[in-house]
1. Select from the stretch 162-201 the residues that are assigned to a loop (DSSP other than H, G, I, E, B), within 24 Å of the chain's Cα centre (by Cα) and more than 16 Å from Ala145 (Cβ to Cβ) and list them in ascending order.
2. I'd like the residue in the stretch 31-43 that is out of contact with any strand residue (DSSP E or B) (no Cβ under 6 Å at 6 or more places or on another chain) and open to solvent by 10 Å² or more (accessible area, probe 1.4 Å) and, out of all such residues, is nearest to Gln96 (Cα to Cα).
3. Give me the residue from the stretch 221-232 that is in a loop (DSSP other than H, G, I, E, B) and open to solvent by 20 Å² or more (accessible area, probe 1.4 Å) and, out of that set, farthest from Leu105 (Cα to Cα).
4. Can you pull out every residue in the stretch 224-241 that is acidic (Asp, Glu) and farther than 15 Å from Trp23 by Cα?
5. Filter the stretch 115-140 for residues that are in a loop (DSSP other than H, G, I, E, B) and under 20 Å from Arg191 (Cβ atoms); which is modelled with the lowest pLDDT?
6. Specify the residue that is nearest to Gly210 (Cα to Cα); the eligible residues are those in the stretch 94-114 that are open to solvent by less than 40 Å² (accessible area, probe 1.4 Å) and assigned to a loop (DSSP other than H, G, I, E, B).
7. Being within 20 Å of Val226 (Cβ to Cβ) and open to solvent by 30 Å² or more (accessible area, probe 1.4 Å) is the requirement here; does Glu190 meet it?
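The values are calculated or read from the model by the stated rules, or taken from the named source; none is laboratory data. Because the structure is predicted, anything quoted here is derived from the model rather than measured. No Cβ is skipped: glycine too gets one built from the backbone with ideal geometry, and neighbour counts run over all protein chains shown. Side chains are part of the model used for accessible areas, which takes the heavy atoms of the whole protein and leaves out ligands, DNA and RNA. Shrake-Rupley method; radii C 1.70, N 1.55, O 1.52, S 1.80 Å.
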Amino acid sequence: MHILAIDAGNSRIKWGVHEDGSWLAQGWVATGRAAQLSRAWARIERPDAVIAANVAGARIARTLAAAARRFRRPARFVTSTAAQCGVRNSYANPRQLGADRWAALIGAWNLHRGPCVVVNAGTTVTVDALDGGGVFLGGMIVAGAGLMRDALARNTAGLRPRPGRFAYFPSRTADAIESGAVNALAGAVERMVRFMREAGVPPPLTVLAGGAAQIIAPQLNGAVEVVDNLVLEGLVCIALEPSPVTRHSSRGPEK
């Protein structure tokens, strides 16, 4: 099955063309330049299905749907459900879980079939717990490193954003800000690992995805795997599942 999968986030819209277990093409555009997708997809062969996780709002949903019309296929927008592709959702209202988090959980489960801490490190960072039976236990949302830096710049007089580097013992303000952001994110992940162990879950694999995955991964203990475009992996699983995907074109749940 020839599938065009789309992950529309706050900063980037990532997409990939998948067939028979392989990615034939992948790319991205800035969310603010979503109209460029029509050009980016100009040479793509007509897919059998177009499936998307959108947390960027109704305007982006309309833009994605319009860009997909070139293929004479409706764009199918994922919403979280109580159970799908082997994963069960513990949210009291399953639809409140962001579509990108749901797809990432499904992607992690279908890649590893074991307990995982699933981390999507983008504009915001989500840290979600998945047990050995495929049950999503819950998770947390943290401001990403960029948002942390911006908040300091907006709300303090002397901490303007400058390029910094991670260090164990920062000796420059820019390095102190960068190191603080990275340590905050790594700490959130490691606390979730600890919570799962204290709940009796076997030591989980930490599965990292997103633009900031590479800066977080080196600071973590335990088993860690970085997976490119984990949300897209989950979308492919959903597209291939026999049961139909719920179609939804409104703004949908928040992240």
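1. Taking the stretch 162-201 and keeping what is assigned to a loop (DSSP other than H, G, I, E, B), we get 162-172, 199-201.
Next cut, within 24 Å of the chain's Cα centre (by Cα) only: 166, 201.
Correct list: Val201 only.
2. Checked the stretch 31-43; the qualifying residue nearest to Gln96 (Cα to Cα) is Gly32.
3. Within the stretch 221-232, the match that is farthest from Leu105 (Cα to Cα) is Asn221.
4. Taking the stretch 224-241 and keeping what is acidic (Asp, Glu), we get 225, 228, 233, 241.
Matches in the stretch 224-241: Glu225, Glu241.
5. Of the residues in the stretch 115-140, the ones in a loop (DSSP other than H, G, I, E, B) are 115, 122-123, 131-134.
Still in the running and under 20 Å from Arg191 (Cβ atoms): 115, 122, 131-132.
Working: Pro115: 97, Gly122: 88, Asp131: 97, Gly132: 95.
Once the filter is applied, the top-ranked residue is Gly122.
6. Of everything passing the filter in the stretch 94-114, Gly98 is nearest to Gly210 (Cα to Cα).
7. Against the criterion (within 20 Å of Val226 (Cβ to Cβ) and open to solvent by 30 Å² or more (accessible area, probe 1.4 Å)), Glu190 qualifies.
The rows are residues; the columns are (1) in contact with a Leu (Cβ under 6 Å, 6 or more places away or on another chain); (2) at pLDDT below 95; (3) open to solvent by 20 Å² or more (accessible area, probe 1.4 Å).
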{"residue": "Phe77", "(1), (2), (3)": "no, no, no"}
{"residue": "Ser80", "(1), (2), (3)": "yes, no, no"}
{"residue": "Val87", "(1), (2), (3)": "yes, no, no"}
{"residue": "Ala92", "(1), (2), (3)": "no, yes, yes"}
